[in-house]
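Have a look at the structure below before the remarks.
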Amino acid sequence: EEQALRQLEEFTFKPAATTDGFRVEMSANIGSPAEAKPALEQGAEGIGLYRTEFLFMNEAQMPSEEKQFEAYKQVVATMENRPVIIRTLDIGGDKELPYLSLPKEMNPFLGYRAIRLSLDQRELMVTQLRAILRASAYGKVKIMFPMIASLEEWRQAKAILAEVRDRLTKEGVDFDPSVEVGMMVEVPSTAILADQFAKEVDFFSIGTNDLVQYTLAVDRMNEKVGYLYDHLHPAVIHLVKKVIEASHREGKWTGMCGGMAGDPLAAPLLIGLGLDEWSMVAGSIKKVKQVISQVNHEECQKLLGEVLELSTTDDVRKRLEDFQKENN
Ligand code: PEP
Ligand code: MG
C-alpha cells in the first residue's frame, strides 16, 4: 500500500508518455489564482481551464477590468510561460450572479447561459476580454469561449475580440498578438459540426461535464437520474472522436477539460483517440500520468477500434476494466 503510494508520487513531475513514446500534455483546471501554485506542485504543465466565473460570483458587484486583470495576471505569472487557457464567463445554469438579477428559468441549463449571456451583455464581455488580453503580455494566454452552439455565436465572439484588440492597439496597451483563441465543445451541435468549426478555431477543449448532460439528456445535478450520466456512453465516445479527428485534419489540437479527462479508466481510450491536452483537477494528474505510462499507443488504438463497435455503456466499461487489468 505504502509502496504503491510512493510509486504514484513519482509520476508527479514525469511527462505523460506511453511506453512507445506518445506524449500528451497534462494540465489542471482551476477556479482561482490561489490554485495555480498547488497545480504546479501536482505536476501540471499548464492550466487547461481557468474558470473565471468564481471571480464574479464572490463579489457584490461586477469586478472591474483592473481587478480581473490582476487575477488573470497572477495566474499567468505563477505559471511562468506555461499555457494558461482562460475561459470567459460561464454564468447561468447552476451558477448565479447576485448583481445581475437574472430571471428564473424553466430550464436554466438550456437557457441564458455562458456565451449567450456574454454576447448579450456586451460591456461585461468587452471588459473581460480587455483584462484577459492585458494579462497575455505576461505569459502564454489562450482564450476560450464556453458553450458555443453555433458558428454564428463563435463568429460574434471573435468579432468582439477583434474590436477589443484594435482598441487596445490604438490605446498603445501591451498584449500578446499571437494569443490562441479556441472554444469549448460541450454542446452536441458543435461536436456534430466539428469539421466546420475546426476551420475557424485555434483549438477545441471538450467539456464532457456538459457534453454528457446535453447528449444524453441527463441533468448533471440530478442524483435521481445520476445512473444515466456517464462519459463512457458510446454516443459520447463517438462525439469525442469526431471532434479530435476534425481538429487534426485542420492541423489544430484538441484538449479535454471535463471529468472524463481525469478518469483513469478512460485514459487508454483517450490515448487511442489522440487527445492532445488533458485538463483535470490537479490531484488526478499523477494517477493519469501513471496509467498513460503503462500503455502502448498502438494497443490503445486497437482498444479504441473495439470500443467503437460496442453499443452500451456497460460493455464499454467492462472492456476498459479488462484492458486496465491486462496492463497492470
Ligand atoms: C464541462 O462542461 O465539462 C466543463 C469543463 O465546464 P463546467 O464544468 O465548468 O461546466
Ligand atoms: Mg461546461
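General remarks:
- Spread over its residues, the convex hull of the C-alpha atoms of the chain is 139 Å³ per residue.
- Along segment 11-17 the Karplus relation, 6.51 cos²θ - 1.76 cosθ + 1.60 evaluated at θ = phi - 60°, assigns HN-Hα couplings of 7, 3, 9, 7, x, 8, 9 Hz to successive residues, with x for each Gly and Pro.
- Candidates Asn296, Asn29, Asn58: whichever shows maximal mean-square fluctuation once the chain is modelled as a Gaussian network with Cα springs under 10 Å: Asn58
- Degrees separating the helix 313-326 axis from the principal Cα axis of the chain, which is the longest one: 60 degrees
- Using R0 = 25 Å, the C-beta based FRET efficiency linking Lys14 and Ala77 works out to 0.50.
- Rounded to the nearest 10 degrees, the inclination of helix 151-171 to the longest alpha-carbon principal axis of the chain is 50 degrees.
- Candidates Ala135, Ala217, Ala198, ranked by Gaussian network fluctuation over the chain, Cα under 10 Å, top entry: Ala217
- Restricting the trypsin sites (Lys or Arg not before Pro) of segment 98-142 to loop positions (DSSP other than H, G, I, E, B) with no more than 16 neighbouring Cβ atoms within 10 Å leaves Lys104.
- For Val24, net neighbour charge (Lys/Arg +1, Asp/Glu -1) across residues whose Cβ lies under 10 Å away: -2
- If only the Cβ of Lys and Arg carry +1 and only the Cβ of Asp and Glu carry -1, the dipole of segment 241-309 around its Cα centre is close to 220 debye.
- Folded to 0 to 90 degrees: helix 297-307 orientation relative to the chain principal axis, Cα: 90 degrees
- Antiparallel content of DSSP bridges confined to the chain, in %, to 5: 10 percent
No value in this document is a laboratory result; all are computed from the given coordinates. Since we're looking at a predicted model, the values are computed, not measured. Backbone-built Cβ (ideal geometry, glycine too); neighbour counts: all protein chains shown.
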